[in-house]
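Note sheet for the following structure.
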Amino acid sequence: INPFTLGAAAVVTLATAYYKGSQESGAFEKALILSGNAAGTTASRMVQMADAIGATGRSRGAAVEALTAMATSGDVASGSLQKFAQVAMDMERASGQAVSKTAEQFAELGRAPTEASAKLNEQTKYLTSSVYEQIKALENQGRTTDAARLAQDTYANAMGQRTADVIRNAGLMKWAWNEV
């Protein structure tokens, strides 16, 4: 080991980091372009979101995948991308449900809030009747965006709480495996 090999190792490390970063940014750009940037955000903002998710102890690579899935769906607003990606990642960790399936559920709630809420509620029992009526009333008034936001936020909050409970109540072996 000499100064030249240390310098070469540093150059390789920096080049690898740059390459991975450009791949992530490219994946975000592609997702945004293909969805017509329905999420209303930028690739650089999504990189910041991935960094923030990674800082919470979750895998940054998984965060990139989850954010890409949410942005590709085209029916998740930029203000909610990070939160929904975290919920999707936690659901995968706690229940094994793929991030892509959770992203599709959020997208469906964005496209048809009342119908999707009723369908998801049959499976997960996450809605109260008053929240469902609010979603329905908003959609009937033509305020579909507000109905979608309420439906998505309600689902995210319920599933976030449930996955946290599952993870917290997991045994020591499950916890250790998840940490690995």
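Along the Cα→Cβ direction, 7 angstrom out, place labels at residue 48 and residue 98. What is the inter-label distance in nm?
3.2 nm
Given a Förster distance of 30 Å, report the FRET efficiency between residue 133 and residue 165 from their Cβ-Cβ distance, rounded to the nearest 0.05.
That pair, residue 133 with residue 165, gives E of 0.70.
Under the 0.36 nm per residue contour assumption, what length would be gained going from the current alpha-carbon distance of residue 146 and residue 9 to full extension?
44.1 nm
Where a number appears in this text, it was derived from the coordinates with a stated rule and is not lab data. Keep in mind it's a predicted model, so treat the numbers as computed, not measured. Quick reminder, even Gly has a Cβ in these numbers, built from the backbone with ideal geometry, and neighbours come from all protein chains shown.
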